[in-house]
1. When segment 53-74 is examined, which residues are found to be polar (S, T, N, Q) and either over 18 Å from Gly123 (Cβ atoms) or surrounded by fewer than 20 Cβ atoms within 10 Å (Cβ to Cβ) (or both)?
2. Going through segment 137-152 one residue at a time, which ones are over 16 Å from Asp249 (Cα atoms) and touching a Lys or Arg at 6+ places or on another chain (Cβ under 8 Å)?
3. Only one of Ala211, Ala188 is touching a Lys or Arg at 6+ places or on another chain (Cβ under 7 Å) and either among the hydrophobic types (A, V, I, L, M, F, W, C) or touching a residue at least 60 places away in the same chain (Cβ under 8 Å) (or both). Can you tell me which?
4. Taking the condition of being among the hydroxyl-bearing types (Ser, Thr, Tyr) and more than 19 Å from the chain's Cα centre (by Cα), how many residues in segment 54-89 meet it?
5. Which members of segment 214-250 meet the condition of being touching a residue at least 40 places away in the same chain (Cβ under 8 Å) and among the hydroxyl-bearing types (Ser, Thr, Tyr)?
6. Considering only residues of segment 76-123 that are among the hydroxyl-bearing types (Ser, Thr, Tyr) and free of Cβ contacts under 8 Å to residues at least 60 places away in the same chain, which is surrounded by the fewest Cβ atoms within 10 Å (Cβ to Cβ)?
7. Tell me the residue from Gly176, Gly183 that is more than 15 Å from the chain's Cα centre (by Cα) and on the phi > 0 side of the Ramachandran plot, please.
8. Could you tell me which residue of segment 1-27 is nearest to the chain's Cα centre (by Cα), considering only residues that are surrounded by fewer than 24 Cβ atoms within 10 Å (Cβ to Cβ) and in a helix (DSSP H, G or I)?
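Every number here is computed from the coordinates shown, using simple stated rules; none is lab data. Here the structure is a predicted model, which is why all the values come from computation and not from measurement. Virtual Cβ from ideal backbone geometry, glycine too; neighbours counted across all protein chains shown.
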Amino acid sequence: MAGILDRFRLDGRVALVTGASSGLGRDIAVALAEAGADVMLAARRADRLAETARLAGKTGRRVATSVTDVADPDSCEHAAAATVAELGRLDILVNCAGLATAVPAGKETPEQFRSVLEVNLEGSYWMAKACAARMGPGASIVNIGSVLGLSTVGLPHAAYSASKAAVLGLTRDLAGQWTGRKGIRVNAVVPGYFPTDMTATHQDGFLDGLADRRIPMRRLGEGAECAAAVVFAAGDASSYMTGSAIVVDGGFLIT
């Protein structure tokens, strides 16, 4: 009989990770490989995918890459098909590709607003559809949300906050549609503030001040802390969870 720690292993499974070229996507992809999964790395930047592939490959797992624009349904179909063709199957999807703007609502253009929703919300949907068509019972989809889909930090993030709130609604709906009928669990991991390319665009001192002001643990998260939650959500350790949101925020949402 398998022990409790075995439920956190992903041996024999294949995962597709979007947004895998940097930040949390890179951390998550490497963590899934460390847990035993073979991984397909998907992102728009081919040059940066190479570094993620190098890191994930050090685990000894099989690694493949796919230049993918999640805002394009055909590109999502290609990535899902390439995963099965190159790695043999598809068991796990992590929707981590993301885009943010910081434009006051009165000045944000329709194009700016739509571009965020096209990646964060529509991209998660198109990729989930493409992968679910190729997944079997026991598969798992993990959508990456954000605490800004549940709260605010006082900055102009209308498009980003709206998209991430919608991702949580999408997670619940797909879980309701697919878990009973297809055997595919759909959950979300909701990160707080982590050092990434996205958070690096904030003004100097903002993140330090935010940690002191809004995060009870008085620090930003580490990539491995978010990645560990994704490994949990992806595998058998969370086998009785679907439609859930796992918050990893150092206490941000309780302040």
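1. Residues of segment 53-74 polar (S, T, N, Q): 59, 65-66, 68.
Selection gives Thr59 alone.
2. Pro137, Ala139, Ser140, Ile141
3. Numbers: Ala188 fails: touching a Lys or Arg at 6+ places or on another chain (Cβ under 7 Å).
Unique residue meeting the criteria: Ala211.
4. Of the residues in segment 54-89, the ones among the hydroxyl-bearing types (Ser, Thr, Tyr) are 59, 65-66, 68, 75, 83.
Filter once more, so that each one left must be more than 19 Å from the chain's Cα centre (by Cα): 59.
Adding up the residues that qualify gives 1.
5. Step one: list which residues in segment 214-250 are touching a residue at least 40 places away in the same chain (Cβ under 8 Å), which gives 214-215, 223-224, 226-239, 241-250.
Passing the criteria: Ser238, Ser239, Thr242, Ser244.
6. Here the answer is Thr109.
7. Details: Gly176 fails: on the phi > 0 side of the Ramachandran plot.
Being more than 15 Å from the chain's Cα centre (by Cα) and on the phi > 0 side of the Ramachandran plot holds for just one of Gly176, Gly183, which is Gly183.
8. Here the residue is Gly23.
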